[in-house]
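**Student:** The structure is given below, and queries will be raised subsequently.
The values are calculated or read from the model by the stated rules, or taken from the named source; none is laboratory data. All figures in this text were calculated on a predicted structure; none of them were measured in a lab. Here the Cβ positions follow ideal geometry from the backbone for every residue, glycine too, while neighbour counts run over all protein chains shown.
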Amino acid sequence: MLPKPLQQLQKFFEKFPGIGPRQASRFVFFLSKQPKEYIESFIQSLQSMSTEVKLCSNCNLPGLKKNNLCTICSDSRRDKKTIYVVEKEGDALNLEKTNIHNGVYFVLGKNISPVEKTQSAKEQVKNLVKKLKRETNPEVILALNNTREGNFTAMYIKEMFKENELNNVTLTSLGRGLSTGSELEYADEETLRNALKNRH
């Protein structure tokens, strides 16, 4: 039904997290109705992202290529010794809304699965360990989803800290407030505030 250019565009949208064929087709129909100026602006934004943005070398959040850091890590007012470990970027953005956290983040990219063998998240944990070995008495707060995979990831990180003898690290987790199976990205601000204040 769709012309080939729109079919190709739909395939790109289908690769987005949480987007299926039906939603992807809606995006395509929306764009097909927009004026030329809108499409050109959209393309320019994508090109700017490609040429100007890269992952922060310190925490894996998106940052600008010119300074190699994200806006949070480059902010001198931030407490660099308080590190929140999160699964994905959306979790960090949601925690920022609470306005009670002035530290920095470390994004794993995904949780560690107990069944998958090759996982990028394990490599990120190794990078976190290397980073912490250079710090003096940091606090690491495991701000992970209260899911099976999130709990397994937290357990894996704790084991890696013990294995590498990171005795200088204060390790805590979010307190009660997040129900079982819930994800940080969708938690309301009050729930997150309580979880942060009651970390243990």
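**Student:** Kindly indicate whether any position in segment 92-104 is in a strand (DSSP E or B), modelled with pLDDT of 95 or more, crowded, with 18+ Cβ neighbours inside 10 Å and not charged (D, E, K, R).
**Tutor:** Scanning segment 92-104 turns up at least one residue that is in a strand (DSSP E or B), modelled with pLDDT of 95 or more, crowded, with 18+ Cβ neighbours inside 10 Å and not charged (D, E, K, R).
**Student:** Return only the number of the condition from (1) surrounded by 14 or more Cβ atoms within 10 Å (Cβ to Cβ); (2) more than 21 Å from LEU192 (Cβ to Cβ) that ARG78 does not satisfy.
**Tutor:** (2)
**Student:** Keeping to segment 137-167, report how many residues are assigned to a helix (DSSP H, G or I) and either under 19 Å from TYR105 (Cα atoms) or free of Cβ contacts under 8 Å to residues at least 40 places away in the same chain (or both).
**Tutor:** Summing the residues that are assigned to a helix (DSSP H, G or I) and either under 19 Å from TYR105 (Cα atoms) or free of Cβ contacts under 8 Å to residues at least 40 places away in the same chain (or both) in segment 137-167 gives 15.
**Student:** Specify the residue that is surrounded by the fewest Cβ atoms within 10 Å (Cβ to Cβ); the eligible residues are those in segment 123-179 that are on the phi > 0 side of the Ramachandran plot and out of contact with any strand residue (DSSP E or B) (no Cβ under 8 Å at 6 or more places or on another chain).
**Tutor:** The qualifying residue surrounded by the fewest Cβ atoms within 10 Å (Cβ to Cβ) is GLU165.
**Student:** Return yes or no: is ILE19 outside the structural domain of SER173 (by TED's automatic domain parsing) and β-branched (Val, Ile, Thr)?
**Tutor:** Details: outside the structural domain of SER173 (by TED's automatic domain parsing): yes; β-branched (Val, Ile, Thr): yes.
So ILE19 fits the description; yes.
**Student:** Would you please list the contacts, defined by Cβ atoms under 8 Å and residues six or more apart or on different chains, that run from a residue in segment 72-83 that is closer than 18 Å to ASN99 by Cβ to a residue that is of a type in the set (S, T, N, Q)?
**Tutor:** Note: pairs meeting the criteria are ARG77/ASN102; ARG78/ASN102; ASP79/ASN102; THR82/ASN102.
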